[in-house]
1. Quick test for you: out of LEU207, LEU266, LEU234, LEU223, pick the one residue that is within 30 Å of ALA105 (Cβ to Cβ) and among the hydrophobic types (A, V, I, L, M, F, W, C).
2. All but one of (1) at pLDDT below 95; (2) within 23 Å of the chain's Cα centre (by Cα) hold for PRO190, so report the exception by its number.
3. Which pairs have Cβ atoms under 8 Å, sit 6 or more apart or on different chains, and link a residue in the range 341-354 that is free of Cβ contacts under 8 Å to residues at least 60 places away in the same chain to one that is assigned to a helix (DSSP H, G or I) and of a type in the set (Val, Ile, Thr)?
4. Working only within the range 80-90, note down all residues that are in contact (Cβ under 8 Å) with a residue 12 or more places away in the chain and either farther than 27 Å from VAL106 by Cβ or not β-branched (Val, Ile, Thr) (or both).
5. Among the candidates LEU320, LEU327, single out the residue that is at negative phi, modelled with pLDDT under 95 and touching a Lys or Arg at 6+ places or on another chain (Cβ under 8 Å).
6. Please go through the range 208-230 and give me each residue that is more than 28 Å from LEU165 (Cβ to Cβ) and either in contact with a helix residue (DSSP H, G or I) (Cβ under 7 Å, 6 or more places away or on another chain) or part of a helix (DSSP H, G or I) (or both), ordered by number.
7. Among the residues of the range 200-207, is any touching a residue at least 24 places away in the same chain (Cβ under 8 Å) and either over 30 Å from ASP49 (Cβ atoms) or not in a helix (DSSP H, G or I) (or both)?
8. Mind listing just one residue for me: the one in the range 219-230 that is modelled with pLDDT of 85 or more and surrounded by 11 or more Cβ atoms within 10 Å (Cβ to Cβ) and, of those, farthest from the chain's Cα centre (by Cα)?
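The values are calculated or read from the model by the stated rules, or taken from the named source; none is laboratory data. Computed from a predicted model, the values in this text were never measured in an experiment. Reconstructed Cβ throughout: ideal geometry from the backbone, glycine too, with neighbour counts over all protein chains shown.
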Amino acid sequence: MWLLAVWACVIGSTPWIGDDIANRFIRVVMPTPGLLWGTIVKETRSWMDLQGRFFPGSVAWTRTLLWLVNTRVAYKLVLVALMAFAVLAVALLARRITRSAGVAAVTVVLFGSLLTLRILVDPVAGFTGLITLTTGLTVAATWLLIVAKRWWWGIVAALAYAAALVTYETVILFAPVMIAVVLFERRRWPWTLPVIIPAALQTIIVLVLRSRLTTTSAPAYTLNLDPGAVASTLVRQMTAALPGTQWLGHARAIPPFTKANVAVALVVVAVPVFLAIYHFVVRRHDVSWARIGMVGGFGAWMWFAPSVQVAITTRWQTELYPGEGYLPVGYAYFGVALLCAAALLALDRLLVARGDSTGARRATAVAAGVVVAISAVVSLAGSLGVAATYAPNF
């Protein structure tokens, strides 16, 4: 809760950024609900006809939210709520798979230690929270399908996943791992239909739209499968989710680290993060290798699959520079957090297998706590610098 509150303050300190700078004037341009609805319909049709994309949820969510919430403070509160929703959904899924509340808590700590404000394209503090919204809907749908006692919860899960699909199509890539988790937990394939049916319908719609295109798609929606270009872009996109890579890669316009920001981060997050990781590692967790694999696999897929989508796109092969990451890096923060949680659980199993002496476990807990605390300090200190750079745009 402390880490989430810290990040709520950081996000709340940012001004309008990215596409939000122009989109926030939607109510000035379209002062009546009728004009708003007409714009949503028109833009949706334009995306379908010119680019072969079907994401009416994104258009409707972005336009409606900024039409209803036209003050910066209220808007940032919505973004913070979306982040909390996504974090809660991921934590609940981790808890259900591992049967451990401690894993849920440490996943939140790890996420808070990885999240970093991005200087050019930030998926958490801007872009109407499309990434956090669709993360929450997708993961919540998966969680519902493995805890539901009644069939009609499957309909709720299908609607949640369908809403995510028509808001940001990238989440269609999560269908395989969602199906794997549901089958692992329930051992019954009918419970996978709430994932399969919406994903299949979205795929059919997009294929039909793409087949009817009469013009060339924009570079952002054009594929280039050259191995060299794909590999280099994939590395840039995946490493963007790791702490400090904006500075190591000398991302464009990135502000320098300052001693003041590092000092603040040390005071605010270093000790609580260290203690959280230390106490998690120092205790035994009876989680099977299979369940560790499911958590780690889900996280690895959330990190890898959206990055591949970016890597095969012509635009980002030329416009994505070292240290930078496009919007799907928001999914990667959650994915890497789950993957790291699985790594800590695997470490626990290895310690038990080697005799689990008190001294070895405590030494391991200290090392793990220091590593994650450093990550948290780097992430927060860098983000404070980015927030300060944004400040003149208020």
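1. The unique qualifying residue is LEU266.
2. (2)
3. ALA342/ILE292; ALA342/VAL295; ALA346/ILE292; LEU351/THR364
4. Answer for the range 80-90, where residues must be in contact (Cβ under 8 Å) with a residue 12 or more places away in the chain and either farther than 27 Å from VAL106 by Cβ or not β-branched (Val, Ile, Thr) (or both): LEU82, MET83, ALA84, PHE85, ALA86, LEU88, ALA89.
5. Values: LEU327 fails: touching a Lys or Arg at 6+ places or on another chain (Cβ under 8 Å).
So the residue among LEU320, LEU327 that is at negative phi, modelled with pLDDT under 95 and touching a Lys or Arg at 6+ places or on another chain (Cβ under 8 Å) is LEU320.
6. Within the range 208-230, PRO227, GLY228 qualify.
7. Looking for residues that are touching a residue at least 24 places away in the same chain (Cβ under 8 Å) and either over 30 Å from ASP49 (Cβ atoms) or not in a helix (DSSP H, G or I) (or both), one finds none in the range 200-207, hence no.
8. ASP226
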